[in-house]
1. Among the residues of the range 324-346, is there at least one that is of a type in the set (A, V, I, L, M, F, W, C) and open to solvent by 50 Å² or more (accessible area, probe 1.4 Å)?
2. Among the residues in the range 278-285, are any open to solvent by less than 10 Å² (accessible area, probe 1.4 Å), modelled with pLDDT under 95 and of a type in the set (Ser, Thr, Tyr)?
3. Would you pick out the residues in the range 17-52 that are on the phi > 0 side of the Ramachandran plot and either over 20 Å from the mean Cα position of the chain (by Cα) or at pLDDT below 95 (or both)?
4. Scan (1) open to solvent by 60 Å² or more (accessible area, probe 1.4 Å); (2) under 35 Å from the mean Cα position of the chain (by Cα) for the single condition Asp256 breaks and write down its number.
5. Somewhere in the range 302-320, is a residue out of contact with any strand residue (DSSP E or B) (no Cβ under 9 Å at 6 or more places or on another chain), in a loop (DSSP other than H, G, I, E, B) and closer than 30 Å to Leu33 by Cβ?
6. Yes or no: Phe301 farther than 17 Å from Leu12 by Cα, surrounded by fewer than 22 Cβ atoms within 10 Å (Cβ to Cβ), of a type in the set (Phe, Trp, Tyr) and modelled with pLDDT under 95?
7. Does Glu62 fit the bill of being open to solvent by 70 Å² or more (accessible area, probe 1.4 Å) and over 30 Å from Thr213 (Cα atoms)?
Amino acid sequence: MISFDEASRKVLDYPLNLGDERITLLQGTGRILAEDIEADRDFPPFDRSTKDGIAINFSAIERGIDRFKIEGTLSAGMAQKTLSSDANCFEIMTGAVLPKAADTIIMYEETDIKNEWVTISKTPNKGQNIHSQGSDEKAGAVLLEKGTIITAAVVGVLASVGKSEVLVKKLPKVCVISTGNELVEVSETPLPHQIRKSNTLSLTAALEKASITPARLHLPDDRTIIEKELRKALAEYDVLMISGGVSKGKFDFIPDALEALGVQKVFHRVAQRPGKPFWFGIQSAEQKVVFSFPGNPVSTFANYHVYFLPWLAKTLGIDPKKRSVILDEPVRPHPILTLFLQVKTAWYEGRLHAKLVQGNGSGDLVSLTKSEGFIRVLAGESEISEGNVFWFIPYA
């Protein structure tokens with residue numbers, strides 16, 4: 001059995017190099033950019049009005065003119081016009097191109113319009129209410145760096161520079177595998193000795209939040225079938241994520257089957273709770289990684305967040321931000337195990353606080369719905385008083 005810190009380091013020692021792929025813009029949400037994105041022109045590309053009102057040349061104000069003849073109306077999308085005289089003005093709508101020879105916008109609220117003439121009621125400041133060309137970014141500037149997560153806001157930037165397709169980091173092909181004769185489909189009515197599958201569906205939902213749609217596979221407690229199906233899965237997928245079959249029971253065939261298939265065991269069993277029986281292995285030549293989690297739902301859920309998500313970030317070349325939380329009650333560590341305890345959080349005076357959620361062990365699936373993440377409590381002998389800060393792992 002190895003320590004949590006050692007297990008975490010070993011997992012991160014084996015990221016996959018999956019390369020890049022080009023996808024359509026609207027397929028990109030949640031993906032990781034694999035290229036720098038530059039401005040193809042100034043942002044904004046022209047001097048634009050930020051208000052509905054009139055466009056004038058400020059020199060008229062300096063000469064004491066406060067009444068202007070309207071010579072036209074400009075809306076967003078119209079080509080640029082030219083103001084023919086500083087005694088004239090254009091009506092102009094928000095987003096429209098500032099006409100040549102104009103340099104100031106006055107809001108309608110500060111004007112009085114009668115019979116194609118405008119009288120201003122408040123002296124303006126020169127250059128007001130104009131979003132100047134290039135004031136946000138200049139042509140050629142890097143707007144988004146490689147490694148950026150594509151959010152809804154990022155999609156808007158990509159669209160604005162004409163990126164109908166984007167280069168992103170490839171995601172691993174994942175197969176989520178459940179094991180055990182006791183498991184039946186969600187749609188079935190279980191017999192007294194059976195339970196419905198839940199871990200693989202929880203993992204599938206979590207992976208889809210990471211933009212990965214996994215395949216799902218169920219294996220009975222039969223060594224021959226397990227080895228046959230794992231061989232096929234290893235040939236087709238980059239990552240196997242297995243739930244169950246890795247403890248010390250007589251029907252826990254997964255570790256031996258994987259090793260028989262040439263998957264090198266990196267470690268088996270970690271000094272942590274929940275999730276102690278975690279088995280991790282690789283096929284180096286074929287670029288395959290296997291996360292084999294214990295079957296209890298809280299154990300599976302904890303190990304997914306504690307190990308797989310940091311590994312995925314490393315594989316995609318991003319640096320996940322570590323979060324911390326203040327625990328508002330004392331906690332007693334385990335003498336030799338790192339604990340991952342479920343907590344409920346709340347913001348108080350600008351800081352994130354947490355309280356423990358008491359579950360009924362690693363099989364208590366419902367407790368996960370009452371909490372928002374785990375805190376890590378390092379092994380130790382002495383009680384830790386309330387108000388201490390802990391590493392917080394929020395549920396993805």
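The values are calculated or read from the model by the stated rules, or taken from the named source; none is laboratory data. The structure presented is a predicted model; accordingly, all values stated were derived computationally and were not measured. Note that each Cβ is placed from the backbone with ideal geometry, even for glycine, and that neighbours are counted across all protein chains shown. All accessible areas refer to the heavy atoms of the entire protein, side chains included, with ligands and DNA or RNA removed. Shrake-Rupley method; radii C 1.70, N 1.55, O 1.52, S 1.80 Å.
1. Within the range 324-346 (the criterion being of a type in the set (A, V, I, L, M, F, W, C) and open to solvent by 50 Å² or more (accessible area, probe 1.4 Å)), the answer is yes, since at least one residue qualifies.
2. Scanning the range 278-285 turns up no residue that is open to solvent by less than 10 Å² (accessible area, probe 1.4 Å), modelled with pLDDT under 95 and of a type in the set (Ser, Thr, Tyr).
3. Gly30
4. (2)
5. Yes; the residues of the range 302-320 include at least one that is out of contact with any strand residue (DSSP E or B) (no Cβ under 9 Å at 6 or more places or on another chain), in a loop (DSSP other than H, G, I, E, B) and closer than 30 Å to Leu33 by Cβ.
6. No, not satisfied.
7. yes
Residue-by-condition table, conditions (1) of a type in the set (A, V, I, L, M, F, W, C); (2) closer than 21 Å to Glu137 by Cα; (3) touching a strand residue (DSSP E or B) at 6+ places or on another chain (Cβ under 8 Å):
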{"site": "Ile23", "(1), (2), (3)": "yes, no, yes"}
{"site": "Leu26", "(1), (2), (3)": "yes, no, no"}
{"site": "Arg48", "(1), (2), (3)": "no, yes, yes"}
{"site": "Arg67", "(1), (2), (3)": "no, no, yes"}
{"site": "Ile70", "(1), (2), (3)": "yes, no, yes"}
